[in-house]
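In what follows, a structure is listed as structure tokens, so that the remarks can point back to it.
The values are calculated or read from the model by the stated rules, or taken from the named source; none is laboratory data. All of these numbers come straight from a predicted model, not from anything done at the bench. Cβ sites come from the backbone with ideal geometry, for glycine too, and all protein chains shown count toward neighbours. Keep in mind that these areas ignore ligands, DNA and RNA; they rest on the heavy atoms of the full protein, side chains included. Shrake-Rupley method; radii C 1.70, N 1.55, O 1.52, S 1.80 Å.
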Amino acid sequence: MKKIIIDVNSDAVNNTLNVEVIRRSDDVVVFHKLLEGDFGTAQIDVENLDAQTKYKIAVWGATTGKIELSISGDIQDPNPIERELEEALDKTFFVETNH
Amino acid sequence: MKKILLIGGFVLLFTGHLFAQDITALPAKIDQTKTANTKDILTSFVQSGIDNLLGEKRNFKLSLSFLAIDSLVNGNKAERKLNRKSFFRNSSLNLNLLGDSANHIDKWSAGLTLELINKKDIKTNVVSSKNWGEVVAATNDYHSIRKYAVAYLKLEVKNKLAIDKSLDGAQRAHLLDHAELAAESSFDLAFENKDFKLLSSELQHILSDPAFIVYLKNANNSSTLDNAISSMKAGIHLPNVVFQRVAQEFSRKPLWIMKPTVSYDREHKQGEYLLESNFTTGFGSLERTPWEFEASAKFLIGADSTITSANYKNRPLTFSVGINKVLLENENKESRAEFKFFSQYSYKVGDYVGRKDEFSLNSTIRFNVYKAIWLPITIKYDPKNGNVFGFFSITANIGN
């Protein structure tokens with residue numbers, strides 16, 4: 001089974017961050033996590049994913065500062081996806097788990 | 001001494017350049033709602049500058065926020081921790097060197113800007129649950145529309161591909177994959193540009209499809225969903241609109257700072273002590289450009305220049321009360337022109353020979369020329385000594 005690691009980091013006291021992982025072949029939500037308030041740094045482990053499967057990672061919410069996001073783990077692209085999100089935010093990332 | 005002044009000048013410029021890069025890395029978007037009047041009172045991270053480089057009196061300035069000093073000493077890890085503390089962000093150490101044309105230091109000054117109350121900083125103050133709830137509802141509604149619009153589009157594409165017998169399974173999967181990526185990219189583009197007119201024609205068509213609305217509402221029964229759909233169809237970025245309204249509320253909250261400063265004139269062996277206090281708070285409808293009330297007090301102990309030896313007989317106590325009005329904003333609610341009207345009363349404490357008190361009415365209008373550069377024009381009226389039109393002086397300075 002495969003695992004995706006989502007690291008989040010925020011300097012703001014006002015945060016609402018939803019992280020949802022969807023299997024793209026059938027639009028099934030396989031994981032949902034809500035982080036709120038002054039969460040600082042957090043690591044979200046999404047486990048028991050299928051190998052060689054395409055997933056969509058939707059991230060949405062709001063922050064009055066900045067949320068740094070990094071996606072890594074058993075994904076085909078060995079480089080982690082890194083992004084900074086501000087204000088009202090909604091962003092979708094695409095990954096495919098490796099063999 | 002000449003070398004020290006030159007080295008000092010380069011150090012100020014260099015540190016200014018270094019921190020200027022850090023400023024861009026700070027979360028700045030929300031600060032756009034602050035008026036130029038508020039930014040006058042606070043040092044954002046670091047300010048440095050040299051005035052009158054080629055003139056007879058050269059002025060080197062450096063203001064370092066406590067956060068900048070801390071990050072210089074402890075690195076970025078400490079900065080992150082301290083980033084939450086408004087006091088460190090908005091309190092600063094201010095240094096000033098005044099030199100002559102031969103780069104001798106004639107006068108130096110050192111002071112502090114201390115934040116006593118700052119409710120304006122949305123990054124360090126907790127947003128009320130009601131306001132934050134509206135922001136979260138708007139982002140949730142937006143995300144829900146996006147999620148189900150993409151899913152609906154995939155269903156439509158899948159049905160179309162199913163009846164095309166010329167395609168095999170892999171080709172259908174590829175085209176479906178492509179359609180989904182394009183739809184998500186279209187939403188990203190519109191969201192980041194804050195304009196849902198940029199959505200693809202397929203997605204705009206889906207937003208107007210009654211069957212999609214039924215499909216969406218079966219999955220999400222939010223009471224604010226209808227407003228979110230109609231806003232998106234009109235091209236409006238509702239999460240940003242709600243977020244900016246909350247930011248506007250914070251821009252109207254109070255700020256109070258205290259500034260003690262000590263100066264020394266090496267040439268005349270003359271010290272000078274200054275204590276300043278500034279208070280500002282906003283008011284007025286959120287639908288209109290903001291008003292700000294400002295009150296300040298200043299007490300200076302310095303030299304009476306009519307006496308040749310060092311003395312401390314000039315002790316003006318000054319009070320100022322006024323209002324500042326944002327006249328023009330751009331589409332991102334950034335201030336572009338401001339008008340300030342204030343009255344000022346000054347009284348010379350102690351045995352000062354000469355006019356003891358002075359009352360003036362002042363107004364300043366300033367225009368944002370480029371980024372942080374403002375062009376202020378000040379008109380001062382002294383009703384006691386003035387003629388019919390009073391005494392007017394017009395100055396134009398370029399600076400932050």
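Points to keep in mind about this one:
- Shielding by other protein chains, A:10-23, mean Cβ within 10 Å: 4
- Computed label-point distance, nm, for sites B:Asp195 and B:Ile117 using a 7 Å Cα→Cβ extension: 4.2
- The count of lysine pairs in chain A with alpha-carbon distances below 19 Å, taking only pairs 8 or more places apart or on different chains, stands at 12.
- Kirkwood hydrodynamic radius over Cα pairs of segment B:140-284, then Stokes diffusion coefficient at 4 °C and 1.567 mPa s, in µm²/s: 66
- Kirkwood Rh, angstrom, segment B:236-285 [1 / mean 1/r, Cα pairs]: 14.6
- Volume of the Cα convex hull of chain A, divided per residue and given in Å³: 75
- Ranked from largest to smallest solvent-accessible area, with a 1.4 Å probe on the protein heavy atoms, A:Ser25, B:Ser296, B:Ser92 come out as A:Ser25, B:Ser296, B:Ser92.
- Accessible heavy-atom area order of A:Trp60, B:Trp108, highest first, probe of 1.4 Å: B:Trp108, A:Trp60
- Counting Cβ atoms of other protein chains within 10 Å of each residue's Cβ and taking the mean over peptide B:113-125 gives 2.
- Global form of segment B:96-175, assessed from the alpha-carbon gyration tensor, a/c cut-off 1.5: oblate
- From most to least packed by mean Cβ count within 10 Å, the peptides A:67-78, B:214-225, B:242-253 give B:242-253, A:67-78, B:214-225.
- Centre separation in Å (Cα based) which lies between segment B:209-263 and segment B:265-324: 39
- Accessible surface of B:Phe299 - all protein chains present, 1.4 Å probe, nearest 10 Å²: 70
- Net charge contributed by nearby residues that have their C-beta within less than 11 Å of B:Leu112 (K/R +1, D/E -1): -1
- Peptide B:140-152 has a mean of 3 when you count, residue by residue, the C-beta atoms of other protein chains within 10 Å of its C-beta.
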